[in-house]
Amino acid sequence: MIWCVPDNGIRRLVLFAYAERQMNRFMGVKKYKVVFKPDDVAVDVEDGDNLLELARKAGVALTASCGGDGVCGTCKVLIEKGETESLPGMQLDPGEVAMGLRLACQCLVRGDLVVIVPETSRMATGGGRRALATAEELMAVTGWTHAPPISKVYLELVPPTLEDNSSDLTRLERELAKHNIDDYRVELGFLRKLPHVVREGGWKVTITVLREPSGSRLTRIEPGDTRNRLFGLAFDIGTTGVRGELLDLNEGKVLSRGVEYNGQRIYGDDVISRIAYSGKPDGMAKLQQAVVATMNRIIAEMTQRAQVPAGDLSYLTVAANTTMIQLFLGIDPKYLRLAPYVPSAGVLPMFPVRALGIDVPEHVYGYTIPSVASYVGGDIVSGLVGTGIYQRQETVLYIDIGTNGETVVGNADWMVSASCSAGPAFEGGGISCGMLATEGAIEGFHYDPKIKQPTLTTIGGAKPRGICGAGLIDIVSGLLTAGIINQKGKFQSESDPRVRSGVEGLEYLLTPAGETDINKDIVITEIDIENLIRAKAAMYAGYQTLLKSVGLTFQDLDKVIIAGTFGSHLDIEEAITIGLMPDIDRNKFFFIGNGSLLGARLSSFSSELIEAGRRVARMVTNIELSENGDFMSHYIASMFLPHTDSSLFPEASRRLMELSKGGIH
Amino acid sequence: MAIETPRISYTGSIRPITLGAGDKSVTVGGETSYPFYLFEGAMPNPPRIAMEVYDAPPADWPDEAVAPFKDVLNDPVAWAKKCINDYGAEMICLQLASTDPNDANRSAEEAAQTVKQVAEAANVPLIVWGSGNVEKDTEVLRTVAEVCQGKHLILGPLVEGNYKKIGAAAMAYKHTIIASTPLDINLAKQLNILMGNLGVSESELIMDPLVSSIGYGIEYVYSVMERIRMAALTQQDEKLQFPLICNIARETWKTKEAKVAEAEDPKLGDTAKRGIMLEAMSSMVLLVAGADILIMRHPEAIKLIREMISDLTN
């Protein structure tokens, strides 16, 4: 499933809406200004725009449990000033309408507006507490120059004559020398094109030059001046999910994005089972083809959406864990899981991408961000580069919340890493109604003890389709503080109207089938909760053991940078309540989203960052948790909400205690 | 030159818990140091031994274990009286083995009547130990709790899967409970926290760390018990400051070392002594690890352990 455009029907609707807007623009549509309060966000709008959609675009967190169908009544707003056109909603009584209350989803803008968003309509980010929106720009690496490893040069060659009869290539060389490119390599394929292209372009050509550590390589020749068309791909190949971006390398911006579950998932949930599968007859080939097929689908979707033909792509950067890289490249990963656990190569050369089965022309070259060790891969190095931890003097804990649970602690002078198998729960794997963090995924849960009902929010405000990692964290935290589950994650309030007996034992009904987009009840089961507890326990025990091994405590950390693709936001209070994050000063936390993809993207924009990646990979020291006696004990102690040792979670425990006191009668 | 003896500084103590009712009630716990470290702290209540009584005649005991009780195996009340009158038992542990669905599957009501009769005949504290089947124990121990209201029994084992239902009944009818976890300090602490959340009083809780015989992983038991005591006494871990109970006899007497006849394997030596020694030595290991209550079977083994406790505490 590709995010944003789930099926053809909706795609058509989007097209219609787009066409209508273009027409209105052409006809001269009236424009207004809408101000949302108390956020004080102002947006320019057009006549007839939907208020709920505007709020979302403006980043104003408005609840709409039903996805904007006008039936739930949760998106109430107060129109303080201005004119709207509103369908008569069933959810408002005449008194409310007279007061100026409207359902945002049923409201079209007909003039300049001042809109007040009441607290009750705010998204369930935890009752006014700090929710961390993805803020990669806050933490991104600084001080680099825009100089992609691949570039284009435009050359005007002197045409040959009977007197000046040197070869086509010699003529090219003469012009290249003027651009200081005099030591380079060319492929036979380049030479085969050379005579035709120079003549087709009237001796005016554009050459694509790849800068490798060992020198330059001419990868492509095109007629005429095509310097303004330089595109690349950045990929994060996760064990569970694969994410891509199509980049304009000249402008340094993202043109489109795509995400899909890794096609290798059917061969095993984690890297160990994939490595085991690769040893079976044809196993290696099947795994390699599976991930390539996933990438090809994402590329097709992204190129179509960005209107960039695959033929115009020039470059590919891949960040992934060591196993994923070796499987992608077809290098036997067998020795990664045999002591002493060494990868086949840390820094890999640039390679022609098409040979791997990727649907791009022959001239596209790829690069993989180097890895540290068997279980601390290029995805982590990429995140360390992307967030510039290697430049900072302050001590940072970098946590990648994903299937492999890698963490790094350190600063510009030293870095130590560790990894533990958290399993796929954070990406919806192994969860009965789990899904990737895409449109329609439940990612917010707020429980109202007065009416014993939850309010849910989904990514993009769509009707719920399933639960993503962020939703799972919110739900478990919410059920715990509501006293519906106990600290072991077991249902204890069997009298709650939404707790019922299902196929896998007790479960909690989140959304009845009729209100979903999948016509199926969305539930969370005791087994789902147990899977999340295992995953969070592995993460916490991992960085607890890592910090102890370098003689630090959580209090010694200046910042905690959280990477992960489990949702569009992370409610830090909820993450601490379930014991996923340490109970320290909330202002130390930063959530950057997909750190691996961030680093892959930035490394596509600057050779300096590629060099930085090589330095970082050499600099990080890895410790093996499997060889560490403390880890298992820490892990079992973490299999509790928030933790067996409540002194590690003073704030969270105090809050739980207060709630349970208040909740007994 | 004077040598200074290194001393451990203790910051916590084990809660003293009073078991049973009336003038034969027994208090366990209260330690302020590691077991028998009387040069560093106090052990106000020496470890106690509860003698086993079964609710049905056991089928698989070696002759040596059967001999002292062969006249009372069919009658739990007489068995309990014999333990008290002939062997000086300070506590009785009634093992409800026959309620196991894989055994005779006796009903909860029948079991509760047996418990009631024993409780009325024996004036010492009575431990009631279920079959270990999580669902059946829930039913049996809840019924026992109700039928024996006011007897202040010690009910167990309560595990994660049934602690709420049995715990609630024990609280309602005023009994002590045994929180049982599979050999892990963290799991033990977690269950105690859940018990606290449920509302179980801290003076009505003892812990079962799950034990095994010498030769069957007792090193692991020792290490877990020792860690529980270290956390309780030196790390002020309040959730672990409870007396420990060890249901050891059944573990030792079911081993092949206790059962195989000398004729079958002469290397193992005298069958009559072997089982007793295995029970006594396993029990001693657990005492040194921190046991407050031992559930034992053979009068000879019990005699040995009493002597050792007396030697070490005087």
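Computed from the coordinates by the stated procedures, all read-outs in this text should not be read as laboratory data. Since this is a predicted model, take the numbers as computed values, not measurements. Every residue, glycine among them, receives a Cβ derived from its backbone with ideal geometry; neighbour counts consider all protein chains shown.
Things worth noting here:
- Using θ = phi - 60° and Karplus 6.51 cos²θ - 1.76 cosθ + 1.60, couplings along the stretch B:43-49 (whole Hz; Gly, Pro as x): 10, x, 10, x, x, 10, 10
- Taken residue by residue and averaged, Cβ atoms of other chains lying within 10 Å of the Cβ of B:185-192 number 5.
- Separation of alpha-carbon centers, the stretch A:587-632 and the stretch A:157-219, rounded to whole Å: 39 Å
- For the stretch B:85-232, Kirkwood radius (reciprocal of mean inverse C-alpha pair distance, Å): 15.9 Å
- Using 0.36 nm per residue and subtracting the Cα-Cα separation, the extra length available between A:Thr553 and A:Val347 on full extension is 70.9 nm.
- With respect to chain A, whose longest principal axis is taken over its alpha-carbon atoms, helix A:650-663 is tilted by about 40°.
- Rg(Cα) / (2.2 N^0.38 Å) computed for the stretch B:247-286, rounded to two decimals: 1.13
- Every Cα-Cα pair of the stretch A:416-480 was included, and the share exceeding 13 Å stands at 63 percent.
- Note on the stretch A:586-663: Rg/Rh from C-alpha atoms, Kirkwood Rh, equals 1.18.
- Dimensionless Rg/Rh of the stretch B:17-313 - Kirkwood Rh, Rg from C-alpha atoms: 0.94
- A simple rule links phi to the HN-Hα coupling: the Karplus curve 6.51 cos²θ - 1.76 cosθ + 1.60 with θ = phi - 60°, which for the stretch B:19-32 gives 10, x, 9, x, 6, 9, 5, 10, 10, 10, x, x, 4, 10 Hz, with x for Gly and Pro.
- Total charge dipole magnitude, the stretch A:269-326, about the Cα centre, Cβ charges on Lys, Arg, Asp, Glu only, Debye to nearest 20: 80 debye
- Fewest-first sequence of A:His446, A:His643 by Cβ atoms within 10 Å of each Cβ: A:His446, A:His643
- Folded to 0 to 90 degrees: helix A:595-605 orientation relative to chain A principal axis, Cα: 30 degrees
- Distribution of pairwise C-alpha distances over chain A, 20 Å bins, in %: 17, 47, 29, 6, 0, 0
- With a Förster radius of 22 Å applied to the C-beta separation of A:Arg655 and A:Lys490, the computed FRET efficiency comes to 0.60.
- Using the Karplus relation 6.51 cos²θ - 1.76 cosθ + 1.60 with θ = phi - 60°, the per-residue 3J(HN,Hα) values for the stretch A:331-336 come to 9, 3, x, 3, 6, 5 Hz, with x marking Gly and Pro.
- For A:Ala177 and A:Lys588, the difference between the fully extended length at 0.36 nm per residue and the C-alpha to C-alpha distance is 142.8 nm.
- For A:Gly388, the amide hydrogen comes within under 5 Å of the amide hydrogens of A:Val141, counting only partners 5 or more places away or on other chains and with H modelled in the peptide plane.
- Residue-count net charge about A:Thr239 - beta-carbon cut-off 13 Å; Lys, Arg +1, Asp, Glu -1: -4
- For B:Ser212, the amide hydrogen comes within under 5 Å of no other amide hydrogen, counting only partners 5 or more places away or on other chains and with H modelled in the peptide plane.
- Projected label distance in nm at A:Leu255 and A:Thr161, using a 7 Å step from Cα toward the beta-carbon: 4.1 nm
- Amide H contacts of B:Leu205 (H built 1.01 Å from N, under 5 Å, at least 5 apart or other chain): B:Ile177
- Ranked by the mean number of other Cβ atoms within 10 Å per residue, highest first, peptides B:100-113, B:240-253 order as B:240-253, B:100-113.
- Summing +1 for each Lys or Arg and -1 for each Asp or Glu among the other residues whose beta-carbon sits under 12 angstrom from that of A:Asn531 gives -4.
- Translational diffusion of the stretch A:253-329, µm² s⁻¹ [Kirkwood Rh, Cα pairs; Stokes-Einstein; 20 °C; 1.002 mPa s]: 157 µm²/s
- Antiparallel beta bridges, as assigned by DSSP with both residues in the protein assembly as shown, represent about 55 percent of the total such bridges.
- Panel order for B:Lys24, B:Lys273, by other beta carbons found within 10 Å of each beta carbon, from fewest to most: B:Lys273, B:Lys24.
- For the set A:Lys280/B:Lys189; A:Lys548/B:Lys239; A:Lys490/B:Lys81, the pairs lying more than 32 angstrom apart at their alpha carbons are A:Lys280/B:Lys189; A:Lys490/B:Lys81.
- Here, the stretch A:513-594 has an Rg and a Dmax of 15.9, 54 Å when only alpha carbons are counted.
- Pairs with C-alpha atoms separated by more than 30 Å, drawn from the list A:Lys536/A:Lys559; A:Lys76/A:Lys559; A:Lys37/A:Lys588, are A:Lys76/A:Lys559.
- Here chain B carries DSSP beta bridges of which approximately 10% are antiparallel, counting only pairs with both residues inside.
- The charge dipole of the protein assembly as shown, taken about its Cα centre with unit charges on the Cβ atoms of Lys, Arg (+1), Asp and Glu (-1) only, comes to about 1560 debye.
- For the stretch A:150-223, the fraction of C-alpha pairs farther apart than 18 angstrom is 33 percent.
- The tail of the calculated P(r) for the stretch B:145-195, taken as Cα-Cα distances beyond 12 Å, holds 59 percent of the pairs.
- The distance linking the stretch B:63-85 with the stretch A:271-299 is 67 Å (Cα centroid to Cα centroid, whole angstrom).
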